[in-house]
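Coordinate-derived values only; no laboratory data. Keep in mind the model is a prediction, meaning the values are calculated, not measured. Reconstructed Cβ throughout: ideal geometry from the backbone, glycine too, with neighbour counts over all protein chains shown.
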Amino acid sequence: MNLADPQDIIVKIVVLLIPIILCLFSLYMIDKTNGNIIAGFNTMEEEKKKELIRKGYLFKVKKMLLIMILPLLIAFLSSFFVKDIELYNDILMGAWGLFGIITILGIVVVNYSMRK
């Protein structure tokens with residue numbers, strides 16, 4: 001089963017580039033809105049928000065987003081060098097698997113670290 005041909009530009013854009021751009025846009029909006037774009041952050045009382053910002057919550061969320069982008073970025077860049085469809089499919093599946101694992105672990109680690 002072939003998920004994608006490394007030469008197919010549509011796959012590169014839809015499957016890899018759009019999620020990378022959305023993550024980068026999220027980073028930008030976190031900076032621009034001072035974290036209010038994060039779910040639940042906007043409804044918090046101001047004192048709690050300032051305490052979380054002081055503890056580095058926004059920095060940790062931004063770092064998590066940047067780490068989430070890495071597997072997708074590596075898969076995107078490898079599409080220019082890998083010519084074997086089977087190998088590229090493995091890279092693509094691994095990248096999305098890592099993206100999912102990093103997302104789940106990042107949410108758990110960031111939120112758990114804020115409780116202490």
The chain, helix-only ellipticity at 222 nm - DSSP H runs n ≥ 4, -39,500 (n - 2.57), divided by all residues, nearest 500: -23000 deg cm²/dmol
Mind checking the angle between helix 57-78 and the chain's longest principal axis? C-alpha axes, 0 to 90 degrees, to the nearest 10. 0
Binned Cα-Cα distances of region 53-116, short to long, each 5 Å bin given as a whole percent: 3, 18, 22, 17, 12, 10, 7, 5, 3, 1
In region 37-81, which GluC sites (Glu not before Pro) fall in coil by DSSP and have 16 or fewer other Cβ atoms within 10 Å? E45
So which trypsin sites (Lys or Arg not before Pro) in region 1-91 are both in a DSSP loop and have at most 11 other Cβ atoms within 10 Å of their Cβ? K83
Of the candidates M93, M68, M44, which one comes out as most mobile in a Gaussian network treatment of the chain with C-alpha springs shorter than 10 Å? M44
Which chymotrypsin sites (Phe, Trp or Tyr not before Pro) in region 19-116 pass both tests, a DSSP loop state and at most 13 other beta-carbon atoms within 10 Å? F80, F81
The percentage of Cα-Cα pairs in the chain separated by more than 20 Å is 49
